[in-house]
Ligand code: C5P
């Protein structure tokens with residue numbers, strides 16, 4: 001527990017991943033993209049033919065299979081790429097479909113329990129920046145710095161739109177907005193590890209901030225905390 005960890009939690013598309021990567025780079029720390037684990041599980045389920053629609057998830061046998069997949073998830077992160085076993089799934093894992101599947105499978109308590117140790121194993125010297133929904137509330141409750149990042153939903157939809165467009169994918173802003181709202185509502189309402197700020201989290205609203213401004217804020221907080 002002496003190994004430093006900075007948690008960055010918040011809703012979909014608020015810039016957690018970008019902020020976590022930038023802060024980790026400045027500090028020379030490791031970075032855990034916990035959402036990628038749930039996204040990889042969604043893909044693994046699809047490949048194994050395990051359904052992840054809401055009706056299927058209510059079936060205890062399906063939940064058990066998903067938890068078993070989660071316990072042996074062949075996830076690998078290297079050189080900015082994400083692998084599921086021998087497949088480079090970096091682009092697939094970032095797709096809207098993978099995000100939606102992740103949001104559904106991640107509501108299962110057995111799945112979350114199965115991924116807990118794997119996430120904690122990322123806490124290695126010289127330190128870790130972890131981003132997700134429950135880094136500060138569940139995975140690293142003793143973290144000396146917990147940031148709860150938010151941005152207005154319209155701004156988040158706009159950023160997601162630009163991100164997709166830059167990758168040559170087409171989407172409508174209205175659809176993206178509706179999807180973000182569905183995903184956030186599901187993440188907030190679930191009974192385990194619901195999306196909410198840890199009691200000791202510092203709030204950061206980056207709606208009108210540049211990435212660099214947010215990075216500087218977090219680095220200053222980190223200096224004060226250590
Ligand atoms: O952060 P990202 O959009 O990649 O996460 C995808 C989904 O995975 C989220 O909507 C959320 O339901 C789930 N998730 C989670 N706990 C985390 C990270 C992600 O439940 N720590």
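Coordinate-derived values only; no laboratory data. Since this is a predicted model, take the numbers as computed values, not measurements. Cβ coordinates were reconstructed from backbone atoms using ideal geometry, including for glycine residues, and neighbour counts include every protein chain displayed.
What share of Cα pairs, in percent, lie more than 17 angstrom apart in region 139-196?
Details: 867 of 1653 pairs.
Result: 52 percent of Cα pairs exceed 17 Å.
Ranking of 83, 222 by neighbouring Cβ atoms within 10 Å, starting from the fewest: 83, 222.
Quick check: residue separation of residue 55 and residue 76 times 0.36 nm, minus the Cα distance between them. What number comes out in nm?
On the way: separation 21, 0.36 × 21 = 7.56 nm, distance 3.00 nm.
Once the chain is fully extended between residue 55 and residue 76, it gains 4.6 nm.
Quick one: Cα centre-to-centre distance for region 181-201 and region 137-152, in angstrom? Distance between centres, Cα-based: 12 Å.
Between residue 48 and residue 182, the FRET efficiency estimated from the beta carbon spacing at R0 = 22 angstrom works out to 0.30. Between 36, 114, 56, the residue with the greatest mean-square fluctuation in the GNM of the chain (Cα pairs under 10 Å linked by springs) is 56. Can you give me the Kirkwood hydrodynamic radius for the chain, using every pair of distinct Cα atoms, in Å to one decimal? In the chain this quantity evaluates to 17.8 Å.
For the chain, averaging the sequence separation of C-alpha pairs within contact (under 8 Å, six or more residues apart) and dividing by the residue count gives a relative contact order of 33 percent. Considering helices alone, the calculated mean residue ellipticity of the chain at 222 nm is -15500 deg cm²/dmol, with DSSP H runs of length four and up weighted by -39500 (n - 2.57) and normalised per residue.
Which residue fluctuates most in the GNM of the chain (Cα springs below 10 Å): 96, 213, 181? Largest GNM mean-square fluctuation: 213. Normalising the average separation of contacting C-alpha pairs (under 8 angstrom, six or more residues apart) by the number of residues puts the relative contact order of region 35-121 at 39 percent.
Once the Cα gyration tensor of region 35-121 is found, what semi-axes does its equivalent ellipsoid get, as square roots of 5 times the eigenvalues, in whole Å, sorted largest first?
Numbers: eigenvalues 80, 41, 23 Å².
The equivalent ellipsoid of region 35-121 has semi-axes of 20, 14, 11 Å.
When the alpha carbon gyration tensor of region 14-78 is reduced to an equivalent ellipsoid, the three semi-axes, largest first, read 30, 13, 9 Å.
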